[in-house]
Structure formats: C-alpha cells, structure tokens
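The values are calculated or read from the model by the stated rules, or taken from the named source; none is laboratory data. All figures in this text were calculated on a predicted structure; none of them were measured in a lab. Reconstructed Cβ throughout: ideal geometry from the backbone, glycine too, with neighbour counts over all protein chains shown.
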There are 2 protein chains.
Amino acid sequence: MDTLNQYEKYLREISKLNSAVALLVWDQRTYIPKGGHEARAEVVGKLSTMAFEMSVSDELGGYLEALERQDGLSEAQAASVRVVGKQYRRTKAIPATLFEQYVIDRSRSEAAWEEAKANGDFALFKPHLAKMVDYAKQFAEYYGYQDCPYDALLDEFEPGMTSRELKTIVEPLREKLVPLLRRLMEDGTPPDGSLIEGSFPLDRQHELSLRALRAINYDFEHGRMDDTVHPFTIGIAPGDVRITNRFIETMAISGLMSALHEGGHALYDLGMPAELHHLGLGNGASFGIHESQSRMWENMVGRSLPFWKLFRRDLVDVFPQLSSATAEDLYRAVNVVQPSLIRVEADEVTYNLHIMVRFEIEQALFDGSLAVADLPDAWNTAMEKYLGVRPSNNAEGVLQDVHWSGGMFGYFPSYMLGNLYSAQLLATIKREIPDLDARIESGDTKALLDWTREKIHRYGQIHEPKDLILKVTGESLSPSYFLDYIEAKFFPIYGL
Amino acid sequence: MDTLNQYEKYLREISKLNSAVALLVWDQRTYIPKGGHEARAEVVGKLSTMAFEMSVSDELGGYLEALERQDGLSEAQAASVRVVGKQYRRTKAIPATLFEQYVIDRSRSEAAWEEAKANGDFALFKPHLAKMVDYAKQFAEYYGYQDCPYDALLDEFEPGMTSRELKTIVEPLREKLVPLLRRLMEDGTPPDGSLIEGSFPLDRQHELSLRALRAINYDFEHGRMDDTVHPFTIGIAPGDVRITNRFIETMAISGLMSALHEGGHALYDLGMPAELHHLGLGNGASFGIHESQSRMWENMVGRSLPFWKLFRRDLVDVFPQLSSATAEDLYRAVNVVQPSLIRVEADEVTYNLHIMVRFEIEQALFDGSLAVADLPDAWNTAMEKYLGVRPSNNAEGVLQDVHWSGGMFGYFPSYMLGNLYSAQLLATIKREIPDLDARIESGDTKALLDWTREKIHRYGQIHEPKDLILKVTGESLSPSYFLDYIEAKFFPIYGL
C-alpha cells in the first residue's frame, strides 16, 4: 500500500472515532437519561483522546511529510495534506503539559462562567477569564503569526483571515450600519410583530418545523430533528447529519427560524461528497462560510416575502388562529428590528453590531490595550455606542455568551462574516437565477440548494474562504452587499 | 500500581468501548436515519474489534495469570478472574483465521435466513445452516467438554449447565406438561380473550406501557423506552439501561406485556452495583437467570389477578372503551392458552413446549443423529407431538427464529430455564413475603423488586446459576414449581 492509501486509511480510522463521539454527544444532549451522564463523560473522554492522539501521532506526521513532497496529488488530496497538515502542526505546537493544564482550567472556567452568569457576578468569572486569555496568548505565540497574536486565533475559525483585513470590512460596515439603524428606529414605522405571538402548542411547532425543513429539501433519510435545550447541527457521518431544535410556547415561529438556520448548516454538511469527508475536508470552508449557509436559509429565504407566500398555507394549517394573516403581514411580522441586549435574539440589522462589540473587545484584549477587569465597562460602553442600549447587569452584558469561558477567542467574527458572505452570495445568485423569488414562491427551493451545492458545498475545505468567495462571486468580500440588502429590505418595511 | 488495579483499570477501558458500541447499536435500531447505516456498520465494526482485541490480548492474559495465583482477593474480584478468565480462554481457543471466516460466513447466513424466511424456502438457508452447525462443532472441540459437544455450547449461555442435567429437567416437565395442555384444551372452558382486541392507538399504548413501567419501579432517570421493530433491553452504562418496545394496533396489551418483560431485564441490569460492572460481572448470572427476571414481571406479575386489580384503573383511563371490563375479566383475557406455531406468541403453558422442540433438535444435530437436511421434518413432527399443531410451511416452522442463522446453538434452553427459575423463585418469595399479592394489588411492587435485588441482582455474575438458585431457594432447579404454578393458575381459569 502506498503512502497516499495509508494516509487515507488512517484518516478514515480517525473519522470513525469522531463519528462515535458525535453520536455519544448527540445522545448526551437529546435522549440520555440523567443516570447516564457520569459514565458517558468518561466514554466521550476516552474516544476523544484516542482520536486526538491519532491526529498528532508521529505516524500521521510521517505521512504528511512524505505527501508534502509528493507530486501528482489531486486537488482534493493536496488540500487534504494542507488542511490536515496545518491542524497537525498547530496542535503539535502546543506542549502537551500546557495543553493538559488548559483542558483542566477550561472546565473550571466553564463551570465558573455558568455560576457567574446565573448570578450576574463578573467577579466570579474574572480570574478564570484572565487565565483563558493568558492561555490563548501563549497558544498564539506557539501557533505563530505575522502581524498580531489575535490573527493566530482568528485563523482557527476563518483560515487566512487577519485582524487587519477584518477591520477594513468592519469599519465601513459600522459607519453605515449605526446611522441606518438609527434612521429605522427614529423615522420608520415598525411592523406589527405581535401577530405571531400567543399560545402555540410545542408539538404543533415541532410539526411546523418539520414542514419547513421539508420545504428547503432537508432530507429526513439523511438526518432528523430532535428537541433539545439549545439548537445545534451535528454530523454523525457523511450521510447522517442531524439537527436539534427548541420551541417557545408564546412564539409561533421562533423554533421554525431555528430549524431553517440549523437546516442550512445541515444542508452544507450533506452537500459535501463522502470522498472529502474521508480526506478530512468535510467541515466546511470556514465557520464564516458555514454560517453563511445557515443565514441564507434562515434570513434570506425564511424572512423573505416569497417564502411566506409559499409557507403561509402550512403555518395556517398548523395554527388556524393565524388564518387572517396575509403573507405580507407575516413577512413584516418576522422582520421587526429592535436593538436589544442579547445577541442570540438579535434581528438581521442589529446582529452585526453585537459582533462588532465583541470583535473590538477581543482585539483590545490581545493587543494589551484592555485588561480583563475592565471588560464590563468596555462592553456596556460599546453597546450603548452602537446599539443605543446599556445592560443593567453583566448577565445580560459581558457574561451572556459561553464562548470566552471555553477559550474560544476569534470565533465571534464568524457570525458577522456569515451574514456578509450570505448577502454577497445572494447578489450573485440573483444574477445567475433571475427568477429566484418566483421559484421560491412556487415551492422550488431546489434551484437555490443546487446552486449552493454546485458552487460551495461540493468543495468542502478544498478552498480557503477568501479564494472560494472570489471564485464564486467574482470579488473579495465586501460589506456593501449586506448594506444594500438591508436597505432594500428594511426601508420599505419601515415605510422609508 | 499493583496488578489488581491494572486489571480493573484495563477492564474499565474495555467497558468504555462496549458502552460506545451499545449506544451505536441502540441508535441503529431506534433513531438512525436510513443514510447513516452504511457508515455506522463500519464504526461499530471498528470499536467492537478494538474491544475484542483488548479482551484476548496478552496484556489481559498476563493479569489473569498473575491474579489466578494471588491470595486475598475479595469474592467479587475472585469471581471476576474466574468469569473474565473463562471467556478469555474460550475466545483465545478459537484460531483467529477460523473466527474471521466464521464472522464472514455468519453474516451471509443471517442474510440467507432472512430471504429464506421471507420465501418460506428452507433450501435457501440449508447450506448456510450446515456451515453454522459445522463451525459450532469445531468451536465445541476447541472449547472442550466432558460429555458431549453440545455442553460446550450450552455453557456459553448457562454456565455449568450440561445436556445430561437439562434432560433430567426437560423430560419430567414434558411428561406432565403435554397431558396438562391436552386437558386444558379438551376439558376446559377457555376465557374470553377478545375483550382486549379492537382498535387501540399506538401513542396511547405507548403511554400505557410507560405507566406499567412506572408501576414496577423502572426508573426513567436511569433508562428510557423507545419504539422499535423488535423489543429489546440494552445496557449503555451501569446507570443507563434502556428498553425498546413495539405496539400492535389491534391488541390493547401486547405492547404492555413486552414493556414488563423488557422492564424486568432492565431492573436486573440496574440492580447490579457499578463495582460489579467494572469487574466485568455486570451481565447477569446467566441468560436463564436473566430471563427469569423478565418472565417474573411479565407473567407472574403482569398476568396475575393482583396486578390487574391494581392496573385496571390505568388501562381504563388510557382506553375508556374497556371500562366495562373487571379486573377478573382482564386477568382471564390475558391468560388464554392456545397451542400455536410461533414461539414468540406463545402463552405460559405452551412456551416451554416450543423450547423442547428446539432443544431436542439441537441435541440431535450435535450428537450426529440428525442431518440439517432433515430439520424441517423433525421440526414439524415434534410440533405435532408436543403441541398438536403442524406448520404448513417452513416460515412458520423451522425458519421462524433468527438464532441458528447467527450460530447461536444452546441459547434456546435459556428461555425455558427462565420460566422454571422464575416459578421456583416465586415459590420462595411467597414464603418470605406472604402478603405479596396484597402488596401488589395495593401498588407496592417495591417489596418484590427489593427481594430480587437483595437475593439475585446484587450478585451479578458472582455465582454460577446453579449455586445462586440453591442459595436463594434452598434447592436445585426443579420443574415441579413451574408445573404447580401452571396447574394452580390455569385450572381455575379453565374451570377445572
């Protein structure tokens, strides 16, 4: 067997372990009885460690070294050596003892965050957060970077992205978005969102989400939707990508929107050929590109007028009490803009502003201009500046997100990039499928899915995000498409 | 770390792999989407192979060898060395190449059986069955035995049981049971079973089974019940033992009885201390003892008058159309005796006769007095002799059970032993808890559970079944308790 075969066989063995871990985790968050948690943690720990050890083994290192010098690799094989090799080197760069200590401190940090958030008490979390920042700084030195340590962290989530480049996107976006929001709020007439509030039995909401998933071609022969506390998407295997959802009794379509969001992630994963999974390229080009696929189905489809012209019938069928609402009413009701304190509840206009607050803070933490102790103030000040609202306590402020407690710095920009990518992609799609709206309205959502499969999904991680977006849209990422999309959509809704 | 610690740690690593495999299999039979099956088979294969390799490794052999010579082991530790060592030697005894070929031929045999059963065509299955018998004969030689090869197979399911001993139980049982059945059928007045037939929505049946499981103290913090094609019990971890169930729309309590049966298995598994699980002693004393626990809750509780005095209220609450049925009516309706062709549909009186047919045939296959080609005739003749019914085709005859296609010879007697053990145990229980019936009628099923936990469950595999039954009931296994139980129960029901 030649090196390439051995390498591919080795990756498949890792992916089998990861598949088992994914199912164990899925069960942990869906169906496991309480009494199973303790033993489960140990089983997940064992299999994760085995997969981790395989991913940093000298055996893998040997294959990579040989293949990096080998000619005649296919595009996918070469990408595999690049992507797997990069992750191999990043992981190997961290001394084992440092990483072990990090893992221990990280679970303490996550536990402390949970308690701190429940009590709105930043002081409880502060020492742990300081440790997490310190680890991330050390890791950044080990990973290496050109300009600044933060770039080394960003690269984990958005390969090839730098702080400098991100600023050239964020700043013009912010300059337009803050006044745009102010104009909507001060001069616009808000739509009536109360229409879709009331009492909506959870099992009916579940049924509605299933219908929505069918409407966007999520294939239940290759996935499922189960109820859980936090919605998520999880790939168990190339042909088995599951989502979970949660429903709020008073809100008719909150769960539906989550279903479309997670469904978008799942469609991306299901659109990658098994061959790429087997080469370790089955994770999506980046977190940002992944988010572009979920945002596209959630916002650009799910909050569009054509979708509600199509889907109103199902909504009314499931909730007859909404039968007097027109498609236009529903479209307006799902597009209320309201600056709020909580990121995960934010609408399309304000969402990116929440991210900017976090991005700004992360940069300042890593260039040394902001101390952990000063975080709450920095947070509240930025919220007021960009969104015009100020948290009255840290639970609805700096403590609201789990990410930092787990050492995930550089993750937040992915959400914003997802919004921007999806708008830029949509502009291209509308050029290439001029009758997209009419198709969606008539139930033909397949045209859009096929386009994303052909242009994005089938490449998996073969291309870095910047190359992919250039290849597909003909230009580099620009915030102008998102701004145009927001203006074109929300000014009419707000009567401007 | 001393050898004992290393040994225990090693067993825990195996049990983590087995726990992952159990969850993967549970999901395969419950929630996996169709597209997940192909990859899943490979993941299960990998982890099972890893666990298998650990269970026959030289490392484990070394620990066992050292511990077999070590003094001062606790009762549980010594039992662990005996049970794990026995399995180690049995597995090691089979040459690896022979076992690999067996595994391949076994999947072919299982597939052939499925097709043969669907077509009622024994000829399709015959060559595969012959191969399976031949493998089992070879394995028996490798395992070793005193009297006859069949003993080596029996020992897998009922440690310490021999063909000779089993005959001393089966023959007197058959001598009484065949005429007893004839008398019931010829002289008795059958109860009205049509009472609980009709149309019973599956989701209500599901609810009814949940209530029955709660009634017997199955703890949903340590388990769950999910719908599937064939009911089964599966231990994912010491604190997580799940059951599955299936429901038949026309039969009000068929699923309920399955729930009690699987619930009985699960209660046994949950009653074993985690310490025994960690020592590889968490599987029950034998298949027969395990079956005694499921039969106890299904038949001796679930088909008893006190239970229906207790549970009638729930039944009527779930199915108001049954409100005119008294507890006595229900008790009689669930105790119709009817010789039939299919084992899994058999009642308490005829069930053991189905097993005798299989036991007789297995013995004859392995002492060489019966050829595989002559199986259908032998089957049909025995069915007619013991049960008075003759299959009109092989699908409802010799092809009905999956066991032989998977090479499981010596398994069937466990079902009968379970029935006999449970009757003998019940006699002891009624001596030690004289007001058992009154307790069950009043909802106190905990007294029975506590008794089985104290006398049986907590020992796991520490005792061999014959020692356990002697210790608990004061005598060796005798069929007389079962015969007394059947007479005392069914003669009054049949007006004799």
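Points to keep in mind about this one:
- In this structure, A:A427 does not qualify as under 19 Å from the mean Cα position of the chain (by Cα), assigned by TED's automatic domain parsing to the domain that holds A:L305 and touching a residue at least 24 places away in the same chain (Cβ under 8 Å).
- Matching residues in region A:340-388 - criterion: being β-branched (V, I, T) and under 20 Å from A:G418 (Cα atoms): A:I342, A:V344, A:V349, A:T350, A:I355, A:V357, A:I361
- Boolean, B:L23 is away from every other protein chain (no Cβ under 14 Å), modelled with pLDDT of 95 or more and touching a helix residue (DSSP H, G or I) at 6+ places or on another chain (Cβ under 8 Å): no
- Residue within region B:360-378 that is in the same structural domain as B:E345 (by TED's automatic domain parsing), in contact with a Gly (Cβ under 7 Å, 6 or more places away or on another chain) and hydrophobic (A, V, I, L, M, F, W, C) present: no
- Residue, farthest from B:L281 (Cα to Cα), within region B:219-243, restricted to residues that are surrounded by 17 or more Cβ atoms within 10 Å (Cβ to Cβ) and of a type in the set (A, V, I, L, M): B:M225
- Total residues in region B:129-162 satisfying the condition of being in a loop (DSSP other than H, G, I, E, B) and either in contact (Cβ under 8 Å) with a residue 24 or more places away in the chain or of a type in the set (K, R) (or both): the figure is 6.
- Search result, residues across region B:53-77 that are outside any loop (DSSP other than H, G, I, E, B), away from every other protein chain (no Cβ under 14 Å) and surrounded by 16 or more Cβ atoms within 10 Å (Cβ to Cβ): B:S55, B:L60, B:Y63, B:L64, B:L67, B:A76, B:Q77
- Of all residues making up region B:234-255, the number that are within 26 Å of B:R312 (Cα to Cα) and within 14 Å of chain A (Cβ to nearest Cβ): 3
- The residue that is nearest to the other protein chains (Cβ to nearest Cβ), counting only those in region B:1-20 that are polar (S, T, N, Q) and under 27 Å from the mean Cα position of the chain (by Cα), is B:S19.
- Scanning region A:465-496 for residues that are over 15 Å from A:I289 (Cα atoms) and among the hydrophobic types (A, V, I, L, M, F, W, C), we see that the one that is surrounded by the fewest Cβ atoms within 10 Å (Cβ to Cβ) is A:A488.
- Within region B:457-484, the set of residues being among the hydrophobic types (A, V, I, L, M, F, W, C) and over 16 Å from B:V170 (Cβ atoms) comprises B:I462, B:L468, B:I469, B:L470, B:V472.
- Residues satisfying the criterion are present in region B:294-302 (criterion: among the aliphatic types (A, V, I, L, M), more than 30 Å from B:R82 (Cβ to Cβ) and away from every other protein chain (no Cβ under 14 Å)).
- Scanning region B:480-496 for residues that are in contact with a Lys or Arg (Cβ under 8 Å, 6 or more places away or on another chain) and farther than 13 Å from B:L180 by Cα yields a total of 1.
- Among (1) within 14 Å of another protein chain (Cβ to nearest Cβ); (2) at pLDDT 95 or above; (3) more than 23 Å from the chain's Cα centre (by Cα) - the single one B:G193 does not satisfy: (1)
Yes/no matrix, rows are residues, columns are (1) touching a Lys or Arg at 6+ places or on another chain (Cβ under 9 Å); (2) in contact (Cβ under 8 Å) with a residue 60 or more places away in the chain; (3) closer than 28 Å to B:S80 by Cβ:
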{"site": "B:H206", "(1), (2), (3)": "no, no, no"}
{"site": "B:M225", "(1), (2), (3)": "yes, no, no"}
{"site": "B:D240", "(1), (2), (3)": "yes, no, yes"}
{"site": "B:S254", "(1), (2), (3)": "yes, no, no"}
{"site": "B:A266", "(1), (2), (3)": "yes, no, yes"}
{"site": "B:H278", "(1), (2), (3)": "yes, yes, yes"}
{"site": "B:S304", "(1), (2), (3)": "yes, yes, no"}
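- Some residue of region A:32-44 being part of a helix (DSSP H, G or I), more than 11 Å from chain B (Cβ to nearest Cβ) and without any contact (Cβ under 8 Å) to a residue 60 or more places away in the chain: no
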